[in-house]
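S.K.: Got a structure here, written out as structure tokens. Questions coming.
Just so it is clear, none of the values below were taken in a lab; they were calculated from the coordinates. Values in this document were obtained by computation on a predicted structure and should not be read as measured data. We place every Cβ from the backbone using ideal geometry, glycine too, and count neighbours over all the protein chains shown.
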Amino acid sequence: MFEKSSHATRPALVLAAVAVVQFMVSLDLSVVNVGLPEIASGLGFSAVGLTWVIHAYALTFGGLLLLGGKAADRYGRRRMLLLGLGLFGAASLAGGFAQEPGHLIAARAVQGVGAAALAPAALALLASTFTDGKARVRAFGIWSAMNAAGGALGVLIGGVLTEYAGWRWVMFVNVPMVAVALATAWRGVAADPPAARGGRPDVLGAVLATAGMTLLVFGVVRTDQHGWASPATLTTLAVAAVLLAAFVQVERTTTREPLIRLGLLADRSVAGANAYTLALGAAMASAFYFMSLYLQRVLDTGAALTGLMFLPFALAVVAGSVLAVKLGYRCAPRTLMIGGALLTSAGFAWFGLIRPDGSFAVDVLGPSIVAGVGFGLCLGPLVAAATAGVAPHETGTASGLINSSRQIGASLGLAALGTAAQNRTGQSTAPDALNDGYALGLTLSAVLLAVAALIAVTVLRRTPPASADPEPVPVPSPAEPQRT
């Protein structure tokens, strides 16, 4: 039924559907965090088991993104978008009604599967609908604003819902957004033309890639229980490396249609954008984590107020995204990515100066504005760079890569920086000791953003800025003589 669509694609509705989808997917990465204590008491989670409310979503989302991008290219972006939305909405509803820990973990895992199907399809639709000029700059600016706003506002929304409506609403909140996105996509997105299928799909490659990335993330997120040098962690990461190496070999030699054409990774824009995204995702996930803990454990701020304190960052991201649209007509994406990373790095370095007796105005508000503007400045150009010059039939794959890089970067970064912060804090729960650990983590996040800027300088090509849309040229009808 997802194929039936007699109308043409409507760019405005495509943009609206993609904006809602990206806000929802980004929101779901953070909306649950503030409600974790209430979830634990409501369903009887153990301290270790509670972490799987986060990990179940991250593992399936990050591990299946490449497969989702390939499915969007092969089976149709509209079909995968609608299918993913339906799965995501049903899992959110089931999670809200969960009665046992296993029910909620399973629902979160299915949410991740749905997100892996719809996120690359939505981004591929955006890239193929808005191909150049002012419209493309504006579309990716809106996408980046919704992407960042969902992540930042997720903390606020999660805190308010948990405190005033109950933790189940951090799951139910997705249902109305799914309904809006489904209705908009159904009306605004035309069915894809039949894909040219040159061979059977590379099922083995899909299994190896998904299992390898899932095991990699699994090994890293367990480092809070098993140290980096422990046999459990080393074995898990070694098996993940073997699976990913086998995936590369299969992609090189398979006679079937490969999951990803390895030549795509040789493109400097694609490779540079994904390396940049790894560093950016690692820094952003870690900074959100440390600041949330700083506000609640060091400054003793409540859940709802903690979420409210993230609002300036969200507004600054929107402002940075608007600025990126205006500057996008004069500056190349590479320039904006460099400037955005450096500005965000400066904001995180400022965050690294937090004090045990700090205040919101001095230790949170100022750096939030600086980092938020920088983050918004680089998001849209980053996605544009990751899909620029990619063949239309590979935009879904490229979109899956960039989203996968972000998720894997977030998991790797949070695990590594969390370990560093824990080593600095030790076993102490005193505010002074906790502050020292969080400050170190935030400073290391700033270093990661500086690395991202260096990647943009050394790897990405110099490209001209987006030009204004050209004036339409009249095309004479066959019966009308051409004028010279």
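S.K.: Under a Cβ-Cβ cut-off of 15 Å, what is the net charge of the residues other than Q296 that fall near it, where Lys and Arg count +1 and Asp and Glu count -1?
M.R.: Value of the local net charge: -3.
S.K.: A follow-up question, please. Using the Kirkwood radius built from alpha carbon pairs, what does the Stokes-Einstein equation give as D for the chain at 25 °C and 0.890 mPa s, in µm² per second?
M.R.: 107 µm²/s
S.K.: Apply the Karplus curve 6.51 cos²θ - 1.76 cosθ + 1.60, θ = phi - 60°, to the phi angles in the range 92-101 and return the couplings in whole Hz, x for Gly and Pro.
M.R.: Per residue, the Karplus-derived 3J(HN,Hα) values read 5, 5, 5, x, x, 9, 4, 10, 9, x Hz.
S.K.: Just want to confirm a number: the relative contact order over the range 202-258, from Cα pairs under 8 angstrom separated by 6+ residues, in percent.
M.R.: With pairs under 8 Å counted, the relative contact order is 50 percent.
S.K.: Rounded to whole Hz and in sequence order, give me ³J(HN,Hα) for the range 420-433 from the Karplus expression 6.51 cos²θ - 1.76 cosθ + 1.60, θ = phi - 60°, writing x for Gly and Pro.
M.R.: Listing the rounded values in order: 4, 5, 5, 5, 5, 6, x, 8, 6, 10, 5, x, 4, 5 Hz.
S.K.: For the chain, what is the calculated [θ] at 222 nm in deg cm²/dmol (nearest 500), taking -39500 (n - 2.57) for each run of four or more DSSP H residues and dividing by its residue count?
M.R.: -24500 deg cm²/dmol
S.K.: Based on the mean of other beta carbon atoms within 10 Å per residue, what is the order of 423-429, 14-20, most packed first?
M.R.: Ranked by mean Cβ neighbours within 10 Å, highest first: 14-20, 423-429.
S.K.: Run the numbers on the chain and let me know its relative contact order in percent, using alpha-carbon pairs under 8 Å that are six or more apart.
M.R.: 23 percent
S.K.: Starting with the fewest neighbours, write out V25, V298, V362 ranked by other beta-carbon atoms found within 10 Å of each beta-carbon.
M.R.: Fewest-to-most Cβ neighbours within 10 Å comes out as V362, V298, V25.
S.K.: With θ taken as phi - 60° and the coefficients 6.51, -1.76 and 1.60, list the Karplus ³J(HN,Hα) couplings across the range 173-180 in order, rounded to whole Hz; mark glycine and proline as x.
M.R.: Those phi angles translate into 4, 6, 4, x, 5, 4, 4, 5 Hz.
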